[in-house]
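A.B. asks: Can you keep this structure in mind? I'll have questions shortly.
The values are calculated or read from the model by the stated rules, or taken from the named source; none is laboratory data. Computed from a prediction, not measured in an experiment: that's the story for all the values here. With ideal geometry, Cβ positions are generated from the backbone for all residues, glycine too; neighbour counts draw on all protein chains shown. Ligands, DNA and RNA are stripped out before the accessible areas are found, and what is left, the full protein with its side chains, is counted by its heavy atoms. Shrake-Rupley method; radii C 1.70, N 1.55, O 1.52, S 1.80 Å.
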Amino acid sequence: EAKGKGRNAYEFYSSFMSEQAEQRLLMETNLNKALDRKEFILFYQPIIDLNSNKMRGGGEALIRWNHPELGLQSPASFISLAEETGLIIPPIGYWVIQSVCEQIKLWEKQYDMHDFRVAINISVVQFEDERFVEKVKTILEGTNIQPNLLEFEITESVMQNMETSIAVLGELQKVGIKISLDDFGTGYSSLSILKHLPINNIKIDKIFIDDLRAENDETIVQNIIDMSQNMNFKVVAEGIEHEGQLDFLKHNHCDYGQGYFFNRPQAVSDFEKNFG
Ligand code: C2E
Ligand code: MG
Ligand code: MG
Ligand code: MG
């Protein structure tokens, strides 16, 4: 009986594995063609100014893949795959920057973009292109938008190549692009990164916002806000889902917030309703 059970477990396991592997293969082959087939879409999530409760901070562009068979896919399911397969991430990354700039150009004609910025997530892999800054400049010139309407979000993984990162970030800032440190607190070198990297904003990771009722997390969040503001960074809290979290953050003078409590990432037509 034990033997039979074992075999069943094995069969279950192996069919589960092959399904996973099949799915991955399906993703991988299609990912190569997704750009040409125009299957990527950008959603935007408002970043709320916690003083005015308005979308003054701007929005964050978040990529989605409209897979021909699997439907709308979130980046968790394909970004790391794209990074691993190497060749794919640069074109996707440039497509995101180009698309956001074109979108900003359209918004500039219709809305008051004073104090408004669009944030783009930049994978550390993109910094490996020696011509990254040059290509970004070309996109800016081609679309003719004000560079200060753009913000690039990087993560602590840029520490892997500190010298290059410092140089690249400095050049981007010279162009007028603001730099945010995303997912702050989840990396291995949070404090030393603040000392070395040229950045403008800190985004406190959702994991610290999730448990704001826990005493330690309150202390951590309070101190990240204080320390960041003393260093002249603006602070964004990610993943606000409840009013209690918002109250705490406002009470502690956090500058900006983002989360399902305000809005989920939205398609352009819905996002535009937040301008006002
Ligand atoms: P991120 O940059 O930290 O983006 C925040 C993620 O948290 C988004 O997930 C957003 O939808 C989600 N989120 C926002 N508020 C809440 C909330 O209140 N509750 C919960 N549970 N989640 C919330 P998304 O869109 O699935 O993106 C996941 C990650 O994929 C992003 O994390 C970013 O690292 C990466 N990503 C997204 N778009 C791009 C892109 O264009 N290029 C690159 N390289 N990475 C991207
Ligand atoms: Mg981000
Ligand atoms: Mg984040
Ligand atoms: Mg992230």
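A.B. asks: Take the range 243-261 and flag every residue that is under 10 Å from LEU212 (Cβ atoms) and in contact with a strand residue (DSSP E or B) (Cβ under 6 Å, 6 or more places away or on another chain).
C.D. replies: Within the range 243-261, just LEU249 meets the criteria.
A.B. asks: Output the number of residues of the range 167-190 satisfying the condition of being away from ligand 2 (no atom under 16 Å from the Cβ) and aromatic (Phe, Trp, Tyr).
C.D. replies: Count: 1.
A.B. asks: Every residue in the range 80-105 that is of a type in the set (A, V, I, L, M), surrounded by 13 or more Cβ atoms within 10 Å (Cβ to Cβ) and out of contact with any strand residue (DSSP E or B) (no Cβ under 8 Å at 6 or more places or on another chain), please.
C.D. replies: Answer for the range 80-105, where residues must be of a type in the set (A, V, I, L, M), surrounded by 13 or more Cβ atoms within 10 Å (Cβ to Cβ) and out of contact with any strand residue (DSSP E or B) (no Cβ under 8 Å at 6 or more places or on another chain): LEU81, ALA82, ILE88, ILE89.
A.B. asks: Could you list, in sequence order, the residues of the range 215-235 that are outside any loop (DSSP other than H, G, I, E, B), open to solvent by 10 Å² or more (accessible area, probe 1.4 Å) and within 16 Å of ligand 2 (Cβ to nearest atom)? Give the derivation first.
C.D. replies: Of the range 215-235, the ones outside any loop (DSSP other than H, G, I, E, B) are 215-230, 234-235.
In the following step, the residues that additionally are open to solvent by 10 Å² or more (accessible area, probe 1.4 Å) were identified as 215-220, 222-224, 226-227, 229-230, 234.
Selection gives LYS234 alone.
A.B. asks: For residues that are open to solvent by 30 Å² or more (accessible area, probe 1.4 Å), more than 16 Å from LYS54 (Cβ to Cβ) and in contact (Cβ under 8 Å) with a residue 12 or more places away in the chain, tally how many sit in the range 249-264.
C.D. replies: Here the count works out to 3.
A.B. asks: Please enumerate the residues belonging to the range 117-144 that are open to solvent by less than 10 Å² (accessible area, probe 1.4 Å) and more than 18 Å from GLY170 (Cα to Cα).
C.D. replies: VAL118
A.B. asks: Oh, and also: Return a yes/no flag: does the range 44-64 have any residue that is modelled with pLDDT of 90 or more, basic (Lys, Arg) and in contact with a helix residue (DSSP H, G or I) (Cβ under 9 Å, 6 or more places away or on another chain).
C.D. replies: Yes.
A.B. asks: Hey, another quick one. From the list LEU212, LEU191, pick out the single residue that is more than 17 Å from GLN258 (Cα to Cα) and either of a type outside the set (Lys, Arg) or open to solvent by 70 Å² or more (accessible area, probe 1.4 Å) (or both).
C.D. replies: Numbers: LEU212 fails: more than 17 Å from GLN258 (Cα to Cα).
Residue meeting the stated conditions: LEU191.
A.B. asks: Let me ask something else. Which residues, counting only those in the range 36-46, are crowded, with 21+ Cβ neighbours inside 10 Å and over 12 Å from the mean Cα position of the chain (by Cα)?
C.D. replies: PRO46 - this is the single residue of the range 36-46 that is crowded, with 21+ Cβ neighbours inside 10 Å and over 12 Å from the mean Cα position of the chain (by Cα).
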